[in-house]
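Only one structure is covered here, and it is reproduced in the block below.
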Amino acid sequence: MLVNEIFLSIQGESLSTGFPTVFVRFTGCNLRCSYCDTTYAYEEGESMFPSEIFERIKALDYKRVCITGGEPLLQKDLKELLELLRGYTVTIETNGAVSIENVKLGEGHTWVMDMKTPSSGCSEKMVLDNLKFLRDEDEIKFVIGDRKDYEWAKEIIRNHYTKGTISFSPVYGKMDYEELVNWILSDRLEVRFQIQLHKVIWGADRTGV
């Protein structure tokens, strides 16, 4: 497996926001989103066996793990790593452009699917069938950069998705927080507004946090 970084921080996004979390960031992504904040993970990484990754996780002494990227579903040994992480609380962050149909998650393992909106430049690459395989405990996230993104996300929810937690997150430095909240409340949407807490704490350009 090609690993960009492994580190301990607090979760800055999703339902686990604020909790101490071990992050495993894999190298490589099949998308090139306009607002990507982890471009350093496109190619840079160290080859590691799942057992080596697991030992690094254990050494950090927390049972909450976030598997992210890049796109972790591009790693062929992901299943083996997830087997090693039985008994851990694990979120797998995926970009919505790789099928999850044949990936079976264990107890305490959940998806956080980042559906790419039009301003990302990658919305046409979304595998909408993925939404059929998400469960009540999973989460779907839309990063919103403008009104077009917002309306697109509403259509996806209306036509394809009725379960799990739905989160709307503003593009950092572009989308006004208050404006997005006002749209959500005006439309009476049952979605969760979130900001990227790690950027509030450490700034936009810090890595390994």
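The values are calculated or read from the model by the stated rules, or taken from the named source; none is laboratory data. This one's a predicted model, so the numbers in the text were calculated from it and none came from an experiment. In this analysis, Cβ positions are derived from the backbone assuming ideal geometry, glycine residues included, and neighbour counts consider all displayed protein chains. Just so you know, the surface numbers come from the protein's heavy atoms only, side chains and all, with ligands and any DNA or RNA stripped out. Shrake-Rupley method; radii C 1.70, N 1.55, O 1.52, S 1.80 Å.
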| task | Could you work out the per residue convex hull volume over the alpha carbons of the chain, in cubic angstrom? | result | 110
| message | Residue by residue through region 24-36, what is 3J(HN,Hα) from phi via Karplus (6.51 cos²θ - 1.76 cosθ + 1.60, θ = phi - 60°)? Round to whole Hz and write x for glycine and proline. | response | 10, 9, 8, 8, x, 8, 8, 10, 9, 6, 4, 9, 4
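Treat every Asp and Glu Cβ in region 1-90 as -1 and every Lys and Arg Cβ as +1, leave all other atoms uncharged, and give the resulting dipole magnitude about the Cα centre to the nearest 20 debye. All intermediate terms of the calculation are to be shown ahead of the outcome.
Values: 9 positive and 13 negative charges, 63 e Å.
Using Cβ point charges on Lys, Arg, Asp and Glu, region 1-90 gives about 300 debye.
Computed FRET efficiency, Cβ-Cβ of ASP187 and LYS79, R0 45 Å: what is it to the nearest 0.05?
Numbers: r = 39 Å, r/R0 = 0.88.
Taking R0 as 45 Å, the efficiency between ASP187 and LYS79 is 0.70.
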| query | Short version: ³J(HN,Hα) in whole Hz for each residue of region 110-117, in order, from phi by Karplus 6.51 cos²θ - 1.76 cosθ + 1.60 (θ = phi - 60°), x for Gly and Pro, what are they? | reply | 9, 8, 10, 9, 9, 6, 7, 7
| request: Using the 2.2 N^0.38 Å rule of thumb for compact globular proteins, work out how region 1-72 stacks up: its C-alpha Rg over that value, please. | output: 1.11
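Give me the Å³ per residue figure for the convex hull around the C-alpha atoms of region 98-148. Intermediate values should be presented prior to the final figure.
On the way: hull volume 4.3 nm³, N = 51.
About 83 Å³ per residue, rounded to a whole number.
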| field | Accessible surface of region 56-127, 1.4 Å probe, proportion on carbon and sulfur as whole % | value | 45
| Tensor-based shape of region 69-117 (alpha-carbon gyration tensor, a/c under 1.5 rounded, otherwise prolate or oblate) | prolate
| Alpha-carbon centroid distance for the pair region 55-87 / region 152-209, whole angstrom | 26
| remark: Candidates SER123, SER169, SER51; GNM for the chain (alpha-carbon contacts under 10 Å) flags as most fluctuating SER51
| task | Mind running the shape call on region 89-209? Use the C-alpha gyration tensor, a ≥ b ≥ c as the square roots of the eigenvalues: rounded below 1.5 for a/c, prolate if a/b tops b/c, oblate otherwise. | result | oblate
| Spatially close lysines, pair count over region 67-148: Cα under 18 Å, gap of eight or more or interchain | 10
| said: Test of understanding: in a Gaussian network model of the chain with alpha carbons linked when under 10 Å, which of LEU85, LEU185, LEU134 would top the mean-square fluctuation ranking? | reply: LEU185
| In a GNM of the chain with a 10 Å cut-off on Cα contacts, which of ARG64, ARG25, ARG147 has the highest mean-square fluctuation? | ARG147
| field | Residue-wise HN-Hα coupling along region 44-50, computed from phi with Karplus coefficients 6.51, -1.76, 1.60 (Hz; x: Gly, Pro) | value | 7, x, 10, 6, 9, 7, x
